[in-house]
1. Can you confirm whether R226 is without any contact (Cβ under 8 Å) to a residue 24 or more places away in the chain, touching an Asp or Glu at 6+ places or on another chain (Cβ under 9 Å) and assigned by TED's automatic domain parsing to the domain that holds A138?
2. Would you check which residues across segment 385-428 are in a loop (DSSP other than H, G, I, E, B), at pLDDT 80 or above and surrounded by fewer than 19 Cβ atoms within 10 Å (Cβ to Cβ) and list them?
3. Is one or more of the residues making up segment 47-69 under 21 Å from A129 (Cβ atoms), touching a residue at least 24 places away in the same chain (Cβ under 8 Å) and under 13 Å from the mean Cα position of the chain (by Cα)?
4. Quick one: would you say R194 is buried (at least 17 other Cβ atoms within 10 Å of the Cβ) and of a type in the set (K, R)?
5. Taking the condition of being crowded, with 22+ Cβ neighbours inside 10 Å and among the charged types (D, E, K, R), how many residues in segment 68-112 meet it?
6. Mind checking whether some residue in segment 102-121 is in a strand (DSSP E or B) and either in contact with a Lys or Arg (Cβ under 6 Å, 6 or more places away or on another chain) or not small (G, A, S) (or both)?
7. Would you mind stating whether E214 is in the same structural domain as G164 (by TED's automatic domain parsing), among the acidic types (D, E), touching an Asp or Glu at 6+ places or on another chain (Cβ under 8 Å) and assigned to a helix (DSSP H, G or I)?
Amino acid sequence: MILQDLNRVRQITVIAARHGFGELAERAGLWRILGRKEKVEVSPEAQRASTARRFRMLLNDLGPTFVKLGQVLSTRADLLPAEYIDELAMLQDHVEPISLEDVRAQIEGSLGASVESLFATIDSAPLAAASIAQVHRALTLEGEEVVVKVQRPGIAERIDSDLGVLRSLARLLEAVVEETGVYTLTGIVDEFDRAIHEELDFINEATNIRAFLENHRERPYLKIPRVYSGLSSRTVLTMEFIRGVKLNPAELSEPERKAIAQNILDASFRQLFEDGLFHGDPHPGNLLLLEDHRLALLDFGVVGRLSRPMQETLVMLCLAVALKDSESVARILYRVGVPDARANLVGFRNDIEALLGQHLTTTLGQVDTRSLLRDLLDLAVKYRIRIPKEYALLSRASVSTEGMLRSLYPEMNIIEVALPYAKELLAGRYDPMQLQGGLMRTLLRFQAMAQDLPTQLSQILLDMESGKFTVTVRADQFEKLNENLRSAAVIAFMGLCACGFIVGAFISFAPKPWMYGNVPVLGVVGIAVAAAFFGAAITWYLFGGRGLGKVRLSRFLKKPKRK
């Protein structure tokens, strides 16, 4: 690490210790790397707070990169328990807005022209300011109202620097933290790296907006802002200004609330089952109600994508949950996930059966979707089944949508509304007249497999006949057994060498003792070498491949017991 990184590591270590995470810093050897240990007292607030709240306060104090990390983690209910997700969802960007001069300089540097030649006017006061960008209202030369999203100067370099430190810290912590889930710390940092760089590139968000605009073109109840390509770049994004108000059910009549809820649900289902592109953060702040009671969707920095097979799997999963078919739910989750080890399907199914019986009802006002989704993800983590991130993002979007629908029209029967969409997708899947139908794809795959199968079987038989056929079996138990046998062989070799030196020293040098005083020198040398071998053997046995015991991460993730 360079000196600047070491200073940042020292700052992170001190703040972590202040929030009660000093044990992890101590076990990871951070003080040893920094050269000296500083005496840090745990703050009184941290002493009273839960571990989840201390984690949120830690990220908040570490600055914009770590705040963004917490916000990304708040979308991943497959990584952290519900208590942590709730705390991280409260993370907000509390930053001072940059000056209008800096905004103008960023626009001119990014678009390659003066602000006066691009915009007629630009408001001095920002509409919003966040850690990555801030938004200003402006007027184009043609007189159209727009909003300009401008990236903060130097934020990309700062995030890259913090990511390097984060990756180094993750490698150090992996040596002392016993993983309880199916994701490594470095894997989480890598995913955050990809997510934050996608968000830093406004071209990605512009592409998402255009895709949503195209998908929802024939849905008159939903408004998507238009992107001004000539006024946008990687660090500047100019969009159509939409005039509307936040959705407030208290100001709407019952028929209006029912119609809006129906439109939200229709848009959500069509995004999932028809478009394959869904909004990843549809909270009320990203939804505006227009004068004509249309809805406007904003902020497309976080979106999810579902392939056709994933859509079909989602339909089957929803139907299995609705029918309380625990066997199908268990098999579908096991199939879409990536098991880290051989899972106990019987136990998984039994736990899901108990879960469905506990949560599932028929009307939206009674279904606790938030708890149901989280409990399903927690079960997947418990049985070490790695759920794809698209499904984790979908769970958060579903919870946000369900919250809005509950406030608008809690009497809506969501299963009754969802069934037509499921039937439509399933009908398309098995329609032989459509090339995109699942039945046609299955027939094509079967034909290809039938053509390849004779050649593959012939190859296997020829390999068996010539003695070239080999079967490779890999398992963690075999690797551990191999390590133990290797250690036993080394220890036995060292012990035999030690015995040989002792016997050889006394037999070979007894007739010709080289005395130093009354001490036989060669005999002592032989015993010393034998002792060295014995010491090496004992050291290998006690510490070889072991090291200090790891810190159980579950100690930090579990809820404290109430006294």
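1. Values: without any contact (Cβ under 8 Å) to a residue 24 or more places away in the chain: yes; touching an Asp or Glu at 6+ places or on another chain (Cβ under 9 Å): yes; assigned by TED's automatic domain parsing to the domain that holds A138: yes.
Here the answer is yes, as R226 does meet what is asked.
2. Our first condition is that a residue be in a loop (DSSP other than H, G, I, E, B); within segment 385-428, this holds for 387-388, 409-413.
Filter once more, keeping what is at pLDDT 80 or above: 409.
Once the filter is applied, which keeps residues that are in a loop (DSSP other than H, G, I, E, B), at pLDDT 80 or above and surrounded by fewer than 19 Cβ atoms within 10 Å (Cβ to Cβ), segment 385-428 yields nothing.
3. Within segment 47-69 (the criterion being under 21 Å from A129 (Cβ atoms), touching a residue at least 24 places away in the same chain (Cβ under 8 Å) and under 13 Å from the mean Cα position of the chain (by Cα)), the answer is yes, since at least one residue qualifies.
4. Numbers: buried (at least 17 other Cβ atoms within 10 Å of the Cβ): no; of a type in the set (K, R): yes.
Here the answer is no, as R194 does not meet what is asked.
5. Count: 4.
6. Of the residues in segment 102-121, the ones in a strand (DSSP E or B) are 119-121.
Next, only the ones that are either in contact with a Lys or Arg (Cβ under 6 Å, 6 or more places away or on another chain) or not small (G, A, S) (or both) stay: 119, 121.
Scanning segment 102-121 turns up at least one residue that is in a strand (DSSP E or B) and either in contact with a Lys or Arg (Cβ under 6 Å, 6 or more places away or on another chain) or not small (G, A, S) (or both).
7. Values: in the same structural domain as G164 (by TED's automatic domain parsing): yes; among the acidic types (D, E): yes; touching an Asp or Glu at 6+ places or on another chain (Cβ under 8 Å): no; assigned to a helix (DSSP H, G or I): yes.
In short, no.
The values are calculated or read from the model by the stated rules, or taken from the named source; none is laboratory data. Fair warning: this is a prediction, and the values are worked out from it, not measured in the lab. Virtual Cβ from ideal backbone geometry, glycine too; neighbours counted across all protein chains shown.
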